[in-house]
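Note sheet for the following structure.
The values are calculated or read from the model by the stated rules, or taken from the named source; none is laboratory data. The model shown is predicted, which means the values in this text are computed figures rather than measured ones. No Cβ is skipped: glycine too gets one built from the backbone with ideal geometry, and neighbour counts run over all protein chains shown.
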Amino acid sequence: MAKKRAAAKTAAKTKTKTAAKMAAPLRMLIVEARYYEDISDKLLAGAVATLEGAGAALDRITVPGALEVPPAIAIALDIAEAKRKPYDGVVALGCVIQGETYHFDLVANESARGLMDLALNRQVPLGNGILTVDNEAQAYARLGGDHGHKGAQAARAALTMVALKQTLAGG
């Protein structure tokens, strides 16, 4: 029982510290693939509402498709760092819908791999909101339907990782 109380106190301290950290203005980047524009618009709306609700300042970059998202993030991170205005975190948005060819697997896997490489190698807090679905109905079900809102969830994931990074850095 004492272990549970100690764990609860530690969690409460972390939560309080995290909430205080998130009160500071954050600079966040959204990179969105526009291949499926209507789906992208809805993903963006959820992400923007979540990030603005956290008081974050936003920059937005659009690219044609999911494969272009990781390189666009890498370019933006490099330029922001060179200007000494780094981003606190990134949200990647887009949609890849299964077709009749192997292209779906390539795009879904390589965009996810690119995002994971960025998050690990650059230590950038990143929320992956690139949907990989069999059809448009599944995509729309993830835009506020039975499966939640993936744009908002990706933004919350990025914010959580920003808070974790700040907490671990002790700043």
Original post:
If you check R27 against the conditions, is it among the basic types (K, R), in contact with a Pro (Cβ under 8 Å, 6 or more places away or on another chain) and either modelled with pLDDT under 95 or closer than 20 Å to Q166 by Cα (or both)?
Top reply: yes
Of the conditions (1) touching a helix residue (DSSP H, G or I) at 6+ places or on another chain (Cβ under 8 Å); (2) in a helix (DSSP H, G or I); (3) more than 21 Å from D134 (Cα to Cα), the single one that A80 does not satisfy is (1)
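In segment 118-131, is there at least one residue being on the phi > 0 side of the Ramachandran plot, part of a strand (DSSP E or B) and surrounded by 14 or more Cβ atoms within 10 Å (Cβ to Cβ)?
No, every residue in segment 118-131 fails to be on the phi > 0 side of the Ramachandran plot, part of a strand (DSSP E or B) and surrounded by 14 or more Cβ atoms within 10 Å (Cβ to Cβ).
Residue-by-condition table, conditions (1) within 15 Å of the chain's Cα centre (by Cα); (2) of a type in the set (D, E, K, R); (3) surrounded by 18 or more Cβ atoms within 10 Å (Cβ to Cβ); (4) closer than 17 Å to A158 by Cα:
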| residue | (1), (2), (3), (4) |
| --- | --- |
| A45 | yes, no, no, yes |
| A57 | yes, no, no, yes |
| V63 | no, no, yes, no |
| K83 | no, yes, no, no |
| G89 | yes, no, yes, yes |
| A92 | yes, no, yes, yes |
| A108 | no, no, yes, no |
| field | Residue check for L93: assigned to a helix (DSSP H, G or I), of a type outside the set (V, I, T) and closer than 15 Å to V31 by Cβ | value | no
